[in-house]
Structures are given as C-alpha cells and as structure tokens.
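Student: The following block contains the structure, expressed as structure tokens.
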Amino acid sequence: MNVLPSQPGVLYSYLRVGRLLYSSLIIFVLESWFYWKKLQVVLENNSHYLWIFCWIWSFLFSFVHIFLVLADGWSRFQNYKRAKDQFYIHGFHPRIADRYIVSKCQRMAAIQAATELGYKKEIELHYANRGVKWYHYIPYFMLQDFWFGFRRKFWSRTFLEPHYIPRFDFRELQHAQLAL
C-alpha cells in the first residue's frame, strides 16, 4: 500500500469494532435494572416463591451478560489489532480475512481493520463471495455444534482472547507519510 488512509483514534476504532455488542450492553443494563426493580417489588410483597425465582433468574441472566458482552468486546478489539497488523504487513489476503469469518463480531473487527487500511471493498467482496450475508449474526459454529458452550475453544476465542500489542503505531505512520 502506498498511502495510509486517515487513521481514527483508538477509542473510535474500539467502539466501531464492538458497536453491536455495546448496543446490546445498553439493553442488558436496562434489563438488569428493570428485573432488579421487579425483584424488589415481589420481595417487599412477600410474593410466591415462583415469582421470586423468576425475577432472580431474569436479573442474573441479564446481569451476567453485561460482563460477557464487555469481555467479548475486548476480545474483538484484540482481533481487530491483530488483523490490522496482518493486513498492513501482507496487504489484503483472503486467508487473513478467513480467520475472522466465524462470527459477525469477528467479521466486523476484520472489516474495520481492513477499512482503516483502504481494503474495505476487497474484504466485503471476499465475504460476499464466501456466502456471508449481512443478517448472519449467529456464529456459524453455534449452528454446526450444539455443544459449543462446553468447548474450551469457544470460551477462549469468544471471551478470553489474549492481549495483543500492535506492531505498528498507524497514526505515527500516517503522520510520517504526510511529512514526506
């Protein structure tokens, strides 16, 4: 690549990569608050234990998902940084894009990385040629393996992606190119 496109700030990229996740985060926070309020009411009224159980279950489900969404967003940002380094070093390559084809959130991370390096059309065309549609939100492995939640790979790739330190400071590289 000859000229590096304008590079956004880290916070912008972080939010852009996880925009679907952070939208659902808002929903889970609101749900948790709603269920907590309902639980308080049934506890104050000494309601039947089934109602208490129902609202505790609902609250815990939503509350736990807040942390799962945050961990997933952090993991997708690690994917984004790795993909951006790989695209910068090797240019757009289908094998790199295929590493992130598994889920909508991983594809969004790769697309954001490719977009910031000027490869948006290439990656979108590649995913379209691979049969990926805009509405493919459920990760493919969830449709293929009913027991995915019991697999170590699921937990490590979804919520526990190792911290990745980028090899390049793309904003510095952009400024250096502009100075030439």
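The values are calculated or read from the model by the stated rules, or taken from the named source; none is laboratory data. Computed from a prediction, not measured in an experiment: that's the story for all the values here. Cβ placement follows ideal geometry from the backbone for every residue including glycine, while neighbour counts extend to all protein chains displayed.
Student: Does region 74-85 contain any residue that is assigned to a helix (DSSP H, G or I), modelled with pLDDT of 95 or more, more than 21 Å from HIS163 (Cα to Cα) and polar (S, T, N, Q)?
Tutor: no
Student: If you check ARG76 against the conditions, is it basic (Lys, Arg), farther than 20 Å from LEU11 by Cα and in contact (Cβ under 8 Å) with a residue 12 or more places away in the chain?
Tutor: no
Student: Give the residues of region 104-131 that are in contact (Cβ under 8 Å) with a residue 40 or more places away in the chain and either more than 19 Å from LEU11 (Cα to Cα) or assigned to a loop (DSSP other than H, G, I, E, B) (or both), sorted by residue number.
Tutor: LYS104, LEU117, GLY118
Student: Name the pairs whose Cβ atoms lie under 9 Å apart, with the first residue in region 15-36 and outside any helix (DSSP H, G or I), the second hydrophobic (A, V, I, L, M, F, W, C), and 6 or more positions between them or separate chains?
Tutor: Partner pairs satisfying both residue conditions: GLY18/LEU25; GLY18/VAL69; GLY18/TRP74; GLY18/PHE77; GLY18/CYS105; GLY18/MET108; GLY18/ALA109.
Student: Same structure again: If we keep just the residues of region 1-54 that are farther than 18 Å from ALA71 by Cα and touching an Asp or Glu at 6+ places or on another chain (Cβ under 8 Å), which is surrounded by the fewest Cβ atoms within 10 Å (Cβ to Cβ)?
Tutor: The extreme case among them is PRO5.
Student: Can we say GLY131 is closer than 21 Å to VAL3 by Cβ, surrounded by fewer than 15 Cβ atoms within 10 Å (Cβ to Cβ) and not hydroxyl-bearing (Ser, Thr, Tyr)? Even if it seems obvious, please write down each step before you answer.
Tutor: On the way: closer than 21 Å to VAL3 by Cβ: no; surrounded by fewer than 15 Cβ atoms within 10 Å (Cβ to Cβ): yes; not hydroxyl-bearing (Ser, Thr, Tyr): yes.
No, not satisfied.
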